[in-house]
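Okay, structure first, notes after.
Every number here is computed from the coordinates shown, using simple stated rules; none is lab data. Please read these numbers as outputs of a predicted model, since none were measured by experiment. Note: ideal-geometry Cβ built from the backbone for every residue, glycine included; neighbour counts use all protein chains shown.
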Amino acid sequence: MSTLYRAVTPWIPDRPQTLVVCCSDGRWHAQMSEFVRSEVSDRADLYAVPGGPAVLDAWNSSFDEARVFQQSMRLFAEYHEISGIWLIAHEGCAWYKLKHPHLETQAILDRQTADLRRG
C-alpha cells in the first residue's frame, strides 16, 4: 500500500497564461524547469513530448503527432486563456537523431534552430 503524498506548495486555481512546449527528455527537466521559473513564469502550462517543438513542423512530425498536438492546442485555447507560448529545445535530442539519421550533429542543431524559428 502506498502512502498519501501531500505537496507543500498550495494549489492555485488561477490558470497560467503561458504555455511551454518542450522535449520530454528527463535528463533536461531540472534545467528546463529552472529556466521556466527564472525567465518565463512561476507557473506555466507544460506540453512535453519527444522532440518538443518539432511537433509544430508537419515535415518532422507524423500525422498522429500533429493531430494530438492540434487537439491539445484547442484545449489550451478554449480553457486555459494562453497569452504566450515558449518553445524550448535541447542539444543532443534523440528524437531529431531518429528522424534525421543522415544528418551530422551540427546539421541537426541547425535544423532544430530553423524549426524553432518557424514555430
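Among the residues of the range 92-119, how many are touching a residue at least 24 places away in the same chain (Cβ under 8 Å), part of a loop (DSSP other than H, G, I, E, B) and among the hydrophobic types (A, V, I, L, M, F, W, C)?
1
Would you say ILE88 is crowded, with 16+ Cβ neighbours inside 10 Å, more than 15 Å from LEU19 (Cβ to Cβ) and β-branched (Val, Ile, Thr)?
no
List every residue pair whose Cβ atoms lie under 7 Å apart, where the two residues are 6 or more positions apart in sequence or sit on different chains, the first residue falls within the range 1-29 and is farther than 30 Å from LYS97 by Cβ and touching a residue at least 60 places away in the same chain (Cβ under 8 Å), and the second residue, located anywhere, is of a type in the set (Asp, Glu) and surrounded by 10 or more Cβ atoms within 10 Å (Cβ to Cβ).
ARG15/GLU81; PRO16/ASP45; GLN17/GLU81
Looking at the structure I just gave you, is ALA77 free of Cβ contacts under 8 Å to residues at least 12 places away in the same chain, surrounded by 11 or more Cβ atoms within 10 Å (Cβ to Cβ), under 24 Å from GLN17 (Cβ atoms) and out of contact with any Asp or Glu (no Cβ under 9 Å at 6 or more places or on another chain)?
Yes, satisfied.
Give the residue, chosen from ASP45, ASP64, that is without any contact (Cβ under 8 Å) to a residue 60 or more places away in the chain, surrounded by fewer than 16 Cβ atoms within 10 Å (Cβ to Cβ) and not β-branched (Val, Ile, Thr).
ASP64
Yes/no matrix, rows are residues, columns are (1) of a type in the set (Asp, Glu); (2) on the phi > 0 side of the Ramachandran plot:
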site	(1), (2)
TRP28	no, no
VAL36	no, no
GLU39	yes, no
PRO50	no, no
PHE76	no, no
SER83	no, no
GLY92	no, yes
LEU103	no, no
ILE108	no, no
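Sort through ASP64, ASP45, ASP115 and tell me the only one that's out of contact with any Pro (no Cβ under 7 Å at 6 or more places or on another chain) and not small (Gly, Ala, Ser).
ASP64
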